[in-house]
Amino acid sequence: MKLYSEDFFITPHQHITVEPRVPQPIFPEHTHDFSEIFLVTQGIGLHVLNGRPYTLCPGMVCYIKSCDYHLFDNVSNLNLTNVLYRSDSSFTYLNNISHFFPTDAEKNISHWLLNKEHYNKAQQIIDKLNESDGSDLAYTESLFLQLIVNLQDGRYNHIGEGNNEQRIIQMLRWLNMNFTEDVDWGHLTTQFSVSLRTFHRYMKNNLGISPQNYLIKLRLSEAYYQIRFSDKTITDIALESGFNDSAYFSTCFKSEYNFTPRDLRHCSN
Ligand code: RM4
Ligand code: NI
């Protein structure tokens, strides 16, 4: 299957367009006469690019060149924002931008995770692109430039590549961004090509705690912040921080900080 730009770009002069996919359903293998950069905003799914499978997770960015072929499968609440552009030589004001894209020297590198700061920045830029109708070329092209520079900047190593330690660090970064979600350690370690045993050993040796206790600490620190600086109820905060049970949350909180969530709320008001 081949997708054509006239079906997605409103005018022949428009070179960039934003296509939110909320959700991105299963989509069969296809190629295009345009290119894509997409940012995963929610959920997970399998992305097969040029025959090679990648597991998508929130915070991941992916580059598709027009000649690539790809498909989405096994999606679970997968949401993404797709930025379509005609080609990197179709711009009026931008030239010489190829080095802001993954280059041939980094063969196969098409997916990476963004840290939170760059992820948020990318979202903001994409929102602006989405709001503009594309008629002001200088404006949309300057936003596009900001986007690709930011995506390069906020880049971690290629998912599932590098040595064991690099892969574990990628996984920890993912956790730092996504700790409020349900975490299935078996699934997560498979996704980052790390064995569960190696991960436990790494955590024990380097952080001195188990993965689960690390996850709880991340959730507690988020809850701590919310209790101090928001007026949400403690029960809501517990749930939003990733705890399924507010009694269990209070127990963990007390043992971490030596005072209860309620104590903290009272002295913050
Ligand atoms: C699809 C999917 C494809 C993209 C088209 C425009 O839902 O995101 O990758 O090429 O939209
Ligand atoms: Ni596509």
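The values are calculated or read from the model by the stated rules, or taken from the named source; none is laboratory data. Quantities reported herein were computed from a predicted structural model and do not represent experimental measurements. Using ideal geometry, Cβ is built from the backbone for each residue, glycine included, and neighbour counts are taken over all protein chains shown. The protein model used for the area step is the full one, side chains on, heavy atoms only, and it has no ligands, DNA or RNA in it. Shrake-Rupley method; radii C 1.70, N 1.55, O 1.52, S 1.80 Å.
For beta carbons closer than 8 Å, sequence separation of 6+ or different chains, a first residue in the range 187-204 that is in contact (Cβ under 8 Å) with a residue 60 or more places away in the chain and a second that is open to solvent by 10 Å² or more (accessible area, probe 1.4 Å) and among the hydroxyl-bearing types (Ser, Thr, Tyr), the qualifying pairs are 191/55.
The residues in the range 5-25 that are farther than 24 Å from residue 177 by Cβ, more than 10 Å from ligand 1 (Cβ to nearest atom) and open to solvent by 70 Å² or more (accessible area, probe 1.4 Å) can be counted, and the count is 4. Every listed requirement among (1) open to solvent by 70 Å² or more (accessible area, probe 1.4 Å); (2) within 16 Å of ligand 1 (Cβ to nearest atom); (3) touching a Leu at 6+ places or on another chain (Cβ under 9 Å); (4) not small (Gly, Ala, Ser) is met by residue 130 save one, (3). Scanning the range 41-53 for residues that are within 14 Å of ligand 2 (Cβ to nearest atom) and touching a residue at least 40 places away in the same chain (Cβ under 8 Å) yields 47, 49.
For the range 232-245, taking the residues that are more than 16 Å from residue 215 (Cα to Cα) and open to solvent by 40 Å² or more (accessible area, probe 1.4 Å), the one that is nearest to the chain's Cα centre (by Cα) is identified as 236.
Matching residues to (1) out of contact with any Lys or Arg (no Cβ under 8 Å at 6 or more places or on another chain); (2) modelled with pLDDT of 85 or more; (3) open to solvent by 20 Å² or more (accessible area, probe 1.4 Å); (4) basic (Lys, Arg):
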site	(1), (2), (3), (4)
59	no, yes, no, no
68	yes, yes, no, no
79	no, yes, no, no
82	no, yes, no, no
86	yes, yes, yes, yes
99	yes, no, yes, no
109	yes, no, yes, no
120	yes, yes, yes, no
124	yes, yes, yes, no
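Looking only at the range 168-211, residues that are open to solvent by less than 80 Å² (accessible area, probe 1.4 Å), modelled with pLDDT under 85 and assigned to a helix (DSSP H, G or I) come to 7 in all. All of (1) away from ligand 1 (no atom under 11 Å from the Cβ); (2) closer than 20 Å to residue 151 by Cα hold for residue 66 with one exception: (1).
In this structure, does residue 76 turn out to be away from ligand 2 (no atom under 14 Å from the Cβ), over 26 Å from residue 128 (Cβ atoms) and either out of contact with any Phe, Trp or Tyr (no Cβ under 9 Å at 6 or more places or on another chain) or among the hydrophobic types (A, V, I, L, M, F, W, C) (or both)? For residue 76, the condition - away from ligand 2 (no atom under 14 Å from the Cβ), over 26 Å from residue 128 (Cβ atoms) and either out of contact with any Phe, Trp or Tyr (no Cβ under 9 Å at 6 or more places or on another chain) or among the hydrophobic types (A, V, I, L, M, F, W, C) (or both) - is met. When the strands (runs of 3 or more DSSP E) confined to the range 1-88 are screened for residues that are over 24 Å from residue 154 (Cβ atoms), those reaching at least 3 such residues are found at 27-32, 70-85.
Of everything listed in (1) open to solvent by less than 60 Å² (accessible area, probe 1.4 Å); (2) at pLDDT below 90; (3) more than 16 Å from ligand 2 (Cβ to nearest atom), the single unmet condition for residue 104 is (1). In this structure, residue 232 does satisfy being of a type in the set (Lys, Arg) and not in a helix (DSSP H, G or I). Within the range 246-269, the set of residues being in a loop (DSSP other than H, G, I, E, B) and either open to solvent by 50 Å² or more (accessible area, probe 1.4 Å) or at pLDDT below 90 (or both) comprises 258, 259, 269.
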